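All remarks here apply to the structure that follows.
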Amino acid sequence: MARQTIHTDKAPAAVGAYSQAVKIPSAGGSLVYISGQLGFDPETMELRDGFDAQAAQVMDNIEAICEAAGGKLSDVVKFNVSLTDLNDFGALNAIFAERLAEPYPARAAVQVAALPKGGIVEIESILFIED
């Protein structure tokens, strides 16, 4: 299998010169690199209101891309989270605990000055899909 770009209409279209995700072969399966997702509703391309709604939409978007790549949200091995306010870290943890099961994937979370299109949370992810 060569490098494959992943696209689904169940997640927001890319707002720049990038793919929603790229899938590449790896020993024992495939790695999928999912571009940072913002809290855009894929049908309206409008940001959801507030942190909880945006973060939930981000997770929905990631899950849709995982499925389009042939995997599941539980196949994610690493999340990189950017927040415009680290005070949302507790709410982020609650959303992750609600959506994921142990053993949890690796994760980084950092505060940033701003995100594209006025988003308040952006999450990129890497998943491994076993053969």
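Under the definition of Cα pairs under 8 Å and six or more residues apart, what whole-number percent is the relative contact order of the chain? Write down the numbers at each step before the final one.
Values: 254 pairs, mean separation 41.0, N = 131.
Answer for the chain is 31 percent.
Let me know the shape class of region 1-75, please: from the alpha-carbon gyration tensor, a ≥ b ≥ c as square roots of the eigenvalues, rounded when a/c is under 1.5, otherwise prolate if a/b is greater than b/c, or oblate.
On the way: a/c = 2.70, a/b = 1.82, b/c = 1.49.
It is prolate, given that a/c is not under 1.5 and a/b is the larger ratio.
Of the candidates Leu100, Leu47, Leu73, which one comes out as most mobile in a Gaussian network treatment of the chain with C-alpha springs shorter than 10 Å?
For the chain, modelled as a Gaussian network with Cα springs under 10 Å, the answer is Leu100.
Tell me the trypsin sites (Lys or Arg not before Pro) within region 1-88 that lie in a loop according to DSSP and have at most 15 other beta-carbon atoms within 10 Å. Don't jump to the answer; show the numbers that get you there.
Values: sites: Arg3, Lys10, Lys23, Arg48, Lys72, Lys78; in loops: Arg3, Lys10, Arg48, Lys72.
When the trypsin sites (Lys or Arg not before Pro) of region 1-88 are filtered for loop state and at most 15 Cβ neighbours within 10 Å, Arg3, Lys10, Lys72 remain.
Per-residue accessible area for Glu124 at 1.4 Å probe radius, Å² rounded to 10?
Only protein atoms counted, so the area is about 90 Å².
At 1.4 Å probe size, what's the solvent-accessible area of Glu98? Round to the nearest 10 Å².
150 Å²
Rounded to the nearest 10 Å², what accessible area does Thr44 have for a 1.4 Å probe in the complete protein model?
The accessible area of Thr44 comes to roughly 80 Å².
Compute the length gained on full extension between Ala91 and Glu43: take 0.36 nm times their separation in residues and subtract their Cα-Cα distance, giving the result in nm to one decimal.
Taking 0.36 nm per residue and subtracting the Cα distance, the gain is 14.8 nm.
Can you pull the percent of region 4-130's accessible area that's carbon plus sulfur, 1.4 Å probe, other chains left in place?
Numbers: 3120 of 6370 Å².
C and S atoms contribute 49 percent here.
The values are calculated or read from the model by the stated rules, or taken from the named source; none is laboratory data. Model, not experiment: these values are computed from the prediction. Cβ sites come from the backbone with ideal geometry, for glycine too, and all protein chains shown count toward neighbours. Surface areas here come from the heavy atoms of the whole protein model, side chains and all, with no ligands, DNA or RNA. Shrake-Rupley method; radii C 1.70, N 1.55, O 1.52, S 1.80 Å.
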